[in-house]
């Protein structure tokens, strides 16, 4: 049943994305890469989101058929200890860029649903508050890649 729900969700997302969006034309993602760890360890997603529009956008999450969970996190250092916290939203002002990078904001890709290898690509759909979803293709890279 879960597989059917997931398939229906992604089918509906694809249908909605195929109708086009002015917002998508104002948003661009570059350098999207997923650092893949061995086994079922979580992977980390990095990219830069460019808001070329004339209004702020709020990134609220992401999803992918290749993973059961995709969450936004931020890494910080407190008292010499590295910590990671979940982030519910990221606001990007008009004309601004926001970079998800090592030791900062990143996507956590958890619980793979299919086999992946370095060199593969993964389709991810970004979700926004009050804006249409944005499909993005991530390149799968080694854990040593930045």
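Where a number appears in this text, it was derived from the coordinates with a stated rule and is not lab data. Keep in mind the model is a prediction, meaning the values are calculated, not measured. FYI the Cβ positions are ideal-geometry reconstructions off the backbone, even for glycines, and counts take in every protein chain you see.
Over the residues of the stretch 81-146, compute the C-alpha Rg and express it relative to 2.2 N^0.38 Å.
1.30
Please state, as a whole number in µm²/s, the translational diffusion coefficient that the Stokes-Einstein equation yields for the stretch 35-133 at 37 °C and 0.692 mPa s, with Rh defined as the Kirkwood radius across alpha carbon pairs.
226
Go ahead and run the numbers for FRET between residue 58 and residue 111, Cβ-Cβ distance against an R0 of 30 Å, rounding to 0.05.
Efficiency at R0 = 30 Å is approximately 0.70.
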